[in-house]
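Student: I have a structure I would like to understand better, so I am pasting it below and will then ask my questions one at a time.
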Amino acid sequence: MTDKPEKKSRQQVYTLLIEVGRKDGDGLPKGATGAALMVYASGVDEAEAVRETVAILKQADMAPLDVTGYGTLQERLEQGHDISDEEKELMQRALDENSVVVAQMTPFFEDQKPAGKGRPN
């Protein structure tokens, strides 16, 4: 029999929010204490997408601290998320290239006031 075996799984794109801390060479702005990265990552399941994304971020000298998954495009639409055409294009790119696409980076900054000054006891 020459039938092709059915594929067990199919790549999908998952929306992930990754919180990163500071590490030498991470490329974050001076004074930032970390950042949040909105990422579209391909994988056969969300766990694989997370593993691949964390590995890539570590290779880029970033320090991943926490990952929150928001699911696939279909799951997000079912939850009522408003997803722009630009987001859909980035998701498609991640799928086409079997890659991780960083859609947005938001650095975190702490309050610049010296600790302990001006606070009531």
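Student: Which of the aspartates and glutamates could be linked to Lys23 by a straight reach, that is with a Cα gap under 13 Å, when you skip same-chain ones fewer than 8 residues away?
Tutor: The qualifying aspartates and glutamates are Asp61.
Student: Quick one: Karplus J couplings for the stretch 46-63, per residue in order, coefficients 6.51, -1.76, 1.60, θ = phi - 60°, nearest Hz, x for Gly and Pro?
Tutor: 5, 4, 5, 4, 5, 4, 5, 5, 4, 4, 5, 5, 5, 5, 8, 6, 9, 10
Student: Karplus couplings for the stretch 95-108 from phi (6.51 cos²θ - 1.76 cosθ + 1.60, θ = phi - 60°), rounded to Hz, Gly and Pro as x?
Tutor: 5, 4, 9, 6, 9, 10, 10, 8, 8, 7, 10, 10, x, 9
Student: Let me ask another. So which aspartates and glutamates pass the test for Lys30, namely a Cα distance under 13 Å, with those fewer than 8 places away in the same chain ruled out?
Tutor: Glu110
Read-outs throughout are calculated quantities, based only on the coordinates presented, and are distinct from any laboratory measurement. Computed from a predicted structure; not experimentally measured.
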